[in-house]
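Student: Below you'll find the structure I mean.
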Amino acid sequence: MHRPVEQSLSAAQSARPVIVCFSHLRWDLVFQRPQHIMTRLSQSFDIVYWEEPRFDAESDRPRLERLAMRQGLVRAIPVLPAGLDAAATDKALRSLLQAEVAGHACPRVFWYYTPMMLAFSAPVRADLIVYDCMDELANFAFAPGDIAEREADLMARADIVLCGGRSLYEARRGRHPNIQCFPSGVDIAHFARDAAHTVEPDDQAALPLPRLGFYGVIDERMDLALLAEMARLRPDWAFVMIGPVVKISPDDLPRADNIHWLGGRDYAQLPDYAVHWDIALMPFARNASTRFISPTKTPEYMASGLPVVSTPIKDVVDSYGALASIRIADDAAGFVAACEDLLAATDEDRAAWVAEAGACLADKSWDGMTGRIAQQLHDALIARQVSRIATSRLPPRRRHYDVLVVGAGFAGAVMAERIAAGSGKSVLVIDKRDHIGGNAYDHRDEAGILVHRYGPHIFHTNSRDILDYLSRFTGWRPYEHRVLADVDGQLVPMPINRTTLNRLYGLDLADDQAAADYLQSVAVDVGEIRNSRDTVVAQVGEDLYAKFFQGYTRKQWGVDPSALDKSVAARVPARTNTDDRYFTDSFQCMPDQGYTAMFGAILDHPQIDILTGVSHADLPDDISWDHLVWTGPIDEYFGHELGRLPYRSLRFEHETLATEQSQPVAVVNYPDFDTPYTRITEYKHLTGQEAPVTSITREYPADEGDPYYPIPNPAAQEMYRRYATLARDCEDVTFVGRLATYRYYNMDQIVGQALATWRRLDARWRLDALARLGVVAAE
């Protein structure tokens, strides 16, 4: 189906992974960490928010109430017959869960906020398990006696463990290999209201000033005696308490004329109340239930522009205690003194608090935090998929294949997918490397940066058909590649353009014609163009040739440009405009989850088996095939019987730097011959990743190593022609790809070549099948 370019460049794959979020918190009770995270993850995942069951005496069988909360997010409430024992309850819940996930054929993530739901969900298959620990639940009132044991079981099963605060993280950091501290965030835009332009709710508008407020769940974590004493000490202050009363009796709440219990309010209403307060209070008790809490409301109060007074909760003290707008107090007298000091603050003080809060909260948004979590989930799911492929072993059920494909790069992967999906044949793909993807293979380094092991690969094409084909297997991130060259102590655009000329020579070329006239004035008449040097100097003259091409080419190819075919220099023309893009193709983009993920999707077909770390020569003798697709070096297939075709190789030096960004663009070229590397790539420009560190690769051309670039000289071309003659006699072998046809191709050209090669091969197979059936085509 033909898709518009906007969809091709931005749409994710049609099948979205599903997250089943097991939570002990009702969605409609208080908008807390689970609701913030799941609401945002619903942009790229289908969310099933699974709550604790409700028992109904009128129900005769289990059922699941599904309430659509927003696009991509469903609230699931199990409703069970009353009177079920624990075993029957788990069995009923498991049955409901199995029925729910059966409707999701995509990868599934089980995300737990409580280990108590593991009892019924553990037997149901999940591709990834996340435990988001936001509280020390064992310390809460009425906690089940075996909750600690259940949590240990959950942590043993989990792939990722997130901790909602520093204290929780420190207490658990040695209990899991992939545990991370992810404190709660804040929706700054939601809370940053202007009191003058915000209508105050009726139930608060009549209350006297000053107002000291709290919102959140009111339970055993609240120091009610502290609140009562504050109200006694300052009867002229209004204490506004918003939130549902949970696990304690309303009769336990202190009653006074200046304490106003307003009950629960919707998350959307909270800023309308808070913006009309003078101070926000966090009068938490100091007991087992608050030992590890990291209150979400702290940054929310700050985003509302409020100063905060809190009891000495460790995560509040550690994360915010040094701020001028945050005060810590132990008792009612201390709270009152801190509040009096804050109420006496000047307008300048309050402006400083707002600025201080803005700086503190800059990296604590829910959007940013959830974006990082989403990336981890995608990466983990991709790693699982790739791991299944990369560690695959030959299935014992099949020792004969219709087609053997040697090489799992672009040519091999596209051929394998088309032969399996388009021709209906069984395919075995092998690669001597330990991964799929060929030279386009990418992976996360130790710093978590997505890097290209074999140097930068930037996808660009003018072919809508090629883009649409690959869009079946990946979404896209728009990206236009720009390269700078380090010349005469300056970083100037490459390819050479008008900006390059003006910067290097101090010129003021105002338009294309002026630049063309200048280049014409320095160009050299070389007569017949015979090699790469002639190509360049005939366009840009001797000085630009020496600055940009001579040294770079000598490093890249190991010979002077005068010894290289003229086609080598023709790939990077000079320009007279100011377009600083390296490529001018209609479609320029990067796979949104990386190349390896795209290759995993291409090769994910039931008719394709994959074996990595195995060369053609290492295959067991009892593996057989009818047709061979060869994407390796053509001379290697023939045992180098006519000699070895010459290639240039590369050596890569990868490094992580303790800086957010090291260079202004993804690639900087170093054409000077005395600099041993040809270019440095910084990958975050390609991927759009955000991280406090960055990863780079220096590229060193080499004579020895994996073959990368066929050397374009007459002797090599003549040897290849002789190998191509041998190849034409191999009826049951198809040669495709850069190495097999001894030509330098861009990635889109390889895909196009593979698609065209498959179409010819498929047509031949179809004619052969008709011939075997005795069907003769009409002349």
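Student: Could you tell me the distance between the Cα centroids of the stretch 667-690 and the stretch 245-261, to the nearest Å?
Tutor: 64
Student: Now, a different point. Can you work out ³J(HN,Hα) from phi for every residue in the stretch 192-199, in order, using Karplus 6.51 cos²θ - 1.76 cosθ + 1.60 and θ = phi - 60°, giving whole Hz and x for Gly and Pro?
Tutor: 7, 9, 9, 4, 5, 10, 10, 5
Student: May I ask you to derive the relative contact order of the stretch 449-596, considering only C-alpha pairs under 8 Å and at least 6 residues apart, and to give it as an integer percent? Display every interim value, and only then the final one.
Tutor: Details: 199 pairs, mean separation 57.3, N = 148.
Relative contact order comes out at 39 percent.
Student: Which angle between 0 and 90 degrees, to the nearest 10, do you get for helix 224-233 versus the longest principal axis of the chain when only C-alpha atoms count?
Tutor: 60
Student: Each residue of the stretch 677-692 in order: what ³J(HN,Hα) in whole Hz does its phi give by Karplus 6.51 cos²θ - 1.76 cosθ + 1.60, θ = phi - 60°, with x for Gly and Pro?
Tutor: 9, 8, 7, 10, 10, 10, 6, 4, 5, 6, 9, x, 5, 10, 7, x
Student: Continuing with this model, one more query. Give me, ordered by chain and number, the residues 5 or more places off residue 284 or on other chains with an amide H under 5 Å from its own placed amide H.
Tutor: Residues meeting the amide H criterion: 223, 311.
Student: Sticking with this structure for a sec: Would you please give the FRET efficiency between residue 517 and residue 674, computed as 1/(1 + (r/R0)^6) with r the Cβ-Cβ distance and R0 = 45 Å, to the nearest 0.05?
Tutor: Working: r = 33 Å, r/R0 = 0.74.
In this case the efficiency is close to 0.85.
Student: Once R0 is set to 30 Å, what does the formula 1/(1 + (r/R0)^6) return for the Cβ-Cβ distance between residue 207 and residue 344, expressed as a FRET efficiency to the nearest 0.05? Before the final figure, lay out the partial values.
Tutor: Values: r = 21 Å, r/R0 = 0.69.
In this case the efficiency is close to 0.90.
Student: Fully extended, how many nm does the chain gain between residue 198 and residue 663 (0.36 nm per residue separation, minus their Cα-Cα distance)?
Tutor: Extra length from residue 198 to residue 663 when fully extended: 162.9 nm.
Student: Cα to Cα, under 28 Å, and not fewer than 8 places away if on the same chain: which lysines meet these conditions relative to residue 364?
Tutor: Here the lysines satisfying the reach criterion relative to residue 364 are 297, 314, 684.
Student: Next question, about the same structure. Any chance you could check the Cα centroid distance between the stretch 438-454 and the stretch 556-617 for me, in angstrom?
Tutor: 15
Student: What FRET efficiency would be calculated for the residue pair residue 356, residue 581, taking the C-beta separation as r and a Förster radius of 56 Å, to the nearest 0.05?
Tutor: Working: r = 42 Å, r/R0 = 0.75.
Using R0 = 56 Å, I get an efficiency of 0.85.
Student: Rounded to the nearest 20 debye, what is the charge dipole size of the chain about its Cα centre when +1 sits on each Lys and Arg Cβ and -1 on each Asp and Glu Cβ? Walk me through the numbers on the way to the answer.
Tutor: Values: 80 positive and 107 negative charges, 440 e Å.
Dipole about the Cα centre, nearest 20: 2120 debye.
Student: Starting from the Cα of residue 566, draw a straight line to each of the lysines and keep only those under 26 Å, dropping any in the same chain fewer than 8 residues away.
Tutor: 547, 555
Student: Hand me the trypsin sites (Lys or Arg not before Pro) from the stretch 35-136 located in a DSSP loop with no more than 10 other Cβ atoms within 10 Å, in residue order please.
Tutor: Numbers: sites: 40, 54, 63, 66, 70, 75, 91, 94, 108, 125; in loops: 125.
Passing both the DSSP loop test and the Cβ count: 125.
Student: Still on this structure: On a full-extension model of 0.36 nm per residue, what is the gain between residue 463 and residue 24, subtracting their alpha-carbon distance, rounded to one decimal in nm? Please report the intermediate quantities before stating the final value.
Tutor: Details: separation 439, 0.36 × 439 = 158.04 nm, distance 5.14 nm.
Roughly 152.9 nm would be gained on extension.
Student: I would also like to ask the following. Compute the acute angle (0 to 90°) between the alpha-carbon long axis of helix 332-343 and the principal axis of greatest extent of the alpha-carbon atoms of the chain; round to the nearest 10°.
Tutor: Rounded to the nearest ten degrees, it is 60.
Student: Then there is this: Need the C-alpha centroid separation for the stretch 728-779 versus the stretch 18-45, integer Å.
Tutor: The two parts, judged by their Cα centres, are 51 Å apart.
Student: Let me ask something else. Might you tell me the accessible area per residue for the stretch 39-185, computed with a 1.4 Å probe and given in Å²? Each step should come with its number before you reach the end.
Tutor: Numbers: 6500 Å² over 147 residues.
Result: 44 Å² of accessible area for each residue.
Student: Tell me the accessible surface of residue 116 in square angstrom (1.4 angstrom probe, heavy atoms of protein chains only), to the nearest ten.
Tutor: Surface accessible to solvent at residue 116 totals approximately 50 Å².
Student: Next question. What is the helix-to-structure angle for 147-157, meaning the angle in degrees between its Cα long axis and the longest Cα principal axis of the chain, kept from 0 to 90 and rounded to the nearest 10?
Tutor: Compared with the principal axis, the helix lies near 10 degrees.
Student: Roughly to the nearest percent, how much of the accessible area of the chain is carbon and sulfur, given a 1.4 Å probe?
Tutor: On the way: 16960 of 34280 Å².
Here it works out to 49 percent.
Student: Can you list the residues, at least 5 places off or on another chain, whose amide H is less than 5 Å from the amide H of residue 524, using H built in the peptide plane?
Tutor: Here the answer is 538, 539, 540, 541, since their amide H atoms fall under 5 Å of that of residue 524.
Student: DSSP loop trypsin sites (Lys or Arg not before Pro) in the stretch 506-603 with at most 16 other Cβ atoms within 10 Å of their Cβ, which ones?
Tutor: Numbers: sites: 530, 533, 547, 554, 555, 566, 571, 575, 581; in loops: 530, 566, 571, 575.
Of the trypsin sites (Lys or Arg not before Pro), the ones in loops of the stretch 506-603 whose Cβ has at most 16 other Cβ atoms within 10 Å are 530, 571.
The values are calculated or read from the model by the stated rules, or taken from the named source; none is laboratory data. A quick note: this is a predicted structure, and the numbers were derived from the prediction, not measured. We place every Cβ from the backbone using ideal geometry, glycine too, and count neighbours over all the protein chains shown. Calculation scope for accessible area: heavy atoms of the full protein, side chains included, ligands and nucleic acids excluded. Shrake-Rupley method; radii C 1.70, N 1.55, O 1.52, S 1.80 Å.
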